[in-house]
1. Of all residues in the stretch 103-125, how many are farther than 25 Å from residue 25 by Cα and either surrounded by 21 or more Cβ atoms within 10 Å (Cβ to Cβ) or in contact with a helix residue (DSSP H, G or I) (Cβ under 8 Å, 6 or more places away or on another chain) (or both)?
2. Please determine whether any residue of the stretch 109-129 is closer than 17 Å to residue 49 by Cα, in a helix (DSSP H, G or I) and at pLDDT below 90.
3. Name every residue in the stretch 53-102 that is more than 15 Å from the chain's Cα centre (by Cα), outside any strand (DSSP E or B) and surrounded by 14 or more Cβ atoms within 10 Å (Cβ to Cβ), in order of residue number.
4. Check 34, 59, 4 and return the single one that is in contact with a strand residue (DSSP E or B) (Cβ under 8 Å, 6 or more places away or on another chain) and without any contact (Cβ under 8 Å) to a residue 24 or more places away in the chain.
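The values are calculated or read from the model by the stated rules, or taken from the named source; none is laboratory data. Being a predicted model, the structure only gives us computed values, none of them experimental. Note that we place each Cβ from the backbone using ideal geometry, even for glycine, and neighbour counts take in every protein chain shown.
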């Protein structure tokens, strides 16, 4: 009896180990599609924003926060920006690249980064949510 239970548990464990990465990848692809639809034709003009603190989140399917941003606008430029949460490939420099791009230009217009379209979409989605929250 015990060996049958052990074999059953091992089988379940192996199935989970094999299929979990596929499920996560599918979830992230779907979240990216939602973010891309959400930010389509979104062109933030920093000069049109009121001075103040902005906070925004992009949640995939209203459940999991994929990206969360805080930034400050002062005299029509971005003073500070911080992504409190951002889904990106571990070890990749894309999150920092986006933050540095915004800090250098002092504008919220995020250019697409080669190899980081998902991260860019998630960043734009959080920025759009922050601007919409302020209105």
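1. Qualifying residue count for the region: 4.
2. no
3. Within the stretch 53-102, 76, 101, 102 qualify.
4. Only one candidate passes the filter, namely 59.
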